[in-house]
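Asks: Could you have a look at this structure, given as structure tokens, before my questions?
The values are calculated or read from the model by the stated rules, or taken from the named source; none is laboratory data. Since we're looking at a predicted model, the values are computed, not measured. Note that we place each Cβ from the backbone using ideal geometry, even for glycine, and neighbour counts take in every protein chain shown.
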Amino acid sequence: MNASHTPEAPLAERMRPRTLEDYVGQAHLVGPDATLRRALKAGQLPSMILWGPPGVGKTTLARLMAEATGRPFHQLSAIRSGVKEVREVIDSAERQGMFSTRAVLFIDEIHRFSKAQQDSLLGAVERGSVTLIGATTENPSFEVIPALLSRSQVYVLEAFGKEQLEELVHRALDKDAWLQEHQVEIAEWDALLRASGGDGRRLLNVLELVVAGAAAEQEEGSDGIRIDDALVSRFIQANLSRYDKTGDTHYDIASALIKSIRSSDPDGAVYWLARMIEGGEDPKFIARRLLISASEDIGHANPTALVLANAAFDAVERLGVPECRIPLSQCATYLASSPKSNSAYAAIGMAQKAVRDHGDLPVPLHLRNAPTKLMKDLGHGSGYRYDHDHGGFSGQECLPEGLSGQRFFRPGNTPRERSIADFLRSLWGDRKG
């Protein structure tokens, strides 16, 4: 046996960057000429919400930004802290602020704060007593109160790609004394990267778990540890079977729920729903995913799906746990049993691409508003035909010049959509429908 004592601090903590130069990823925010980098160089640090998946460096970035601007750093977890702890930190920061620069108050998982808890932050943010940095894995539009959101900038952090994940591992192999002692070689990457789920913290912790396990099994005098897919799979298989609502398999199981619905498998859908409920998942998180699926995956094939999903969301808010599991089950199984169409989802994707590719094309004159005489004289609204004066259909072009005749919406082949296509074809011929 050739095992050495594993350090007390996890590998992810040992490898936490100490400077922005060592920070991996998020170049769109902290790259050489990016938004936050420019602000930090100017000594500015606005209150902000950092929104992104687990393990992409939200906490680390907050700490590094505080250090870069020379500000005291206070950290609270929304899971373990309440209004009392928030007020204690704010009072301390305000006392210190009389003699130094204002402190940073970092709140991890701010989406778990109630409205009252978030309200307790408002006064200090408005007075400038603290700079608030909130971290969340959930859409802040839903989870952060509007008053606090309007006083903060929202920055989106992106999941790590393959290159960034490999960079994290190479840095660990180069800099961590414990890994160097074991002479670790990465022979295959697939299982290691797949186990990370794009989460950098989890990647490093899986690496440490595998190395520690392999070292414990080594014969005395063995040279190095060769990590391949089989070795990784053997040591992490047990870990992958549980549901962790704070990260790990959280998004995998949410993905399994949605893909079961998309596959028209109500049994799979209700099973993954049960896994989320038994794991203590926030029912509103589940209800939001079902709402998205009702429009993205079912859409025009069964418009009632969106109505039912919205009703299920309302029921979740009214009922709470545990009764809300029943409307969630009704909704999930209904969605899975509905015909499928992504035509609305595809249409907005194509239209957004056209906007990005062609820029802000001018609105055709006949579609412009003309509330003043000058605007009318300039031709705004000229040539517009009121469809109700033409039997409900005028046939006028509504796309800007340069996109005339472009098709974005293409109805699918479900019965409802065939009727939509027939209706559009009766008006436009082959131009639409």
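Asks: Take the residues of the range 53-85 that are over 20 Å from Ala159 (Cβ atoms) and of a type in the set (Ser, Thr, Tyr): which is modelled with the highest pLDDT?
Replies: Here the residue is Thr69.
Asks: Which residue pairs have Cβ atoms closer than 7 Å, lie 6 or more positions apart in sequence or on different chains, and pair a first residue in the range 409-433 that is touching a residue at least 12 places away in the same chain (Cβ under 8 Å) and in a loop (DSSP other than H, G, I, E, B) with a second residue that is crowded, with 17+ Cβ neighbours inside 10 Å and among the aromatic types (Phe, Trp, Tyr)?
Replies: none
Asks: So is Leu50 within 30 Å of Glu281 (Cα to Cα), assigned to a strand (DSSP E or B) and in contact (Cβ under 8 Å) with a residue 40 or more places away in the chain or not?
Replies: yes
Asks: Please determine whether any residue of the range 94-106 is in contact (Cβ under 8 Å) with a residue 60 or more places away in the chain, of a type in the set (Gly, Ala, Ser) and over 22 Å from Phe285 (Cβ atoms).
Replies: Taking every residue of the range 94-106 in turn, none turns out to be in contact (Cβ under 8 Å) with a residue 60 or more places away in the chain, of a type in the set (Gly, Ala, Ser) and over 22 Å from Phe285 (Cβ atoms).
Asks: Which residues, taken from the range 98-153, are out of contact with any strand residue (DSSP E or B) (no Cβ under 6 Å at 6 or more places or on another chain), within 15 Å of Ser81 (Cα to Cα) and either of a type in the set (D, E, K, R) or surrounded by fewer than 22 Cβ atoms within 10 Å (Cβ to Cβ) (or both)?
Replies: Glu109, Arg112, Ser114, Lys115, Ala116, Gln117, Asp119, Ser120
Asks: Name every residue in the range 403-433 that is more than 25 Å from Val363 (Cβ to Cβ) and either among the polar types (S, T, N, Q) or under 36 Å from the mean Cα position of the chain (by Cα) (or both), in order of residue number.
Replies: Once the filter is applied, which keeps residues that are more than 25 Å from Val363 (Cβ to Cβ) and either among the polar types (S, T, N, Q) or under 36 Å from the mean Cα position of the chain (by Cα) (or both), the range 403-433 yields Pro411, Gly412, Asn413, Thr414, Pro415, Arg416, Glu417, Arg418, Ser419, Ile420, Ala421, Ser426.
Asks: Here is a further query. Limited to the range 381-408, what total is found for residues that are over 25 Å from Gln352 (Cβ atoms) and either free of Cβ contacts under 8 Å to residues at least 12 places away in the same chain or among the basic types (Lys, Arg) (or both)?
Replies: 9
Asks: Being surrounded by fewer than 22 Cβ atoms within 10 Å (Cβ to Cβ), in a helix (DSSP H, G or I) and in contact with a helix residue (DSSP H, G or I) (Cβ under 6 Å, 6 or more places away or on another chain) is the requirement here; does Glu296 meet it?
Replies: It is true that Glu296 is surrounded by fewer than 22 Cβ atoms within 10 Å (Cβ to Cβ), in a helix (DSSP H, G or I) and in contact with a helix residue (DSSP H, G or I) (Cβ under 6 Å, 6 or more places away or on another chain).
Asks: Something else: Can Gly55 be described as surrounded by fewer than 20 Cβ atoms within 10 Å (Cβ to Cβ) and either touching a residue at least 60 places away in the same chain (Cβ under 8 Å) or assigned to a loop (DSSP other than H, G, I, E, B) (or both)?
Replies: Judged against the criteria, Gly55 is not a match.
Asks: Ala269 - would you say it is modelled with pLDDT of 95 or more, in a helix (DSSP H, G or I) and on the phi < 0 side of the Ramachandran plot?
Replies: So Ala269 does not fit the description; no.
Asks: Considering only residues that are in a loop (DSSP other than H, G, I, E, B) and of a type in the set (Val, Ile, Thr), look in the range 1-47 and name the one that is modelled with the lowest pLDDT.
Replies: Per the criteria, the residue is Thr6.
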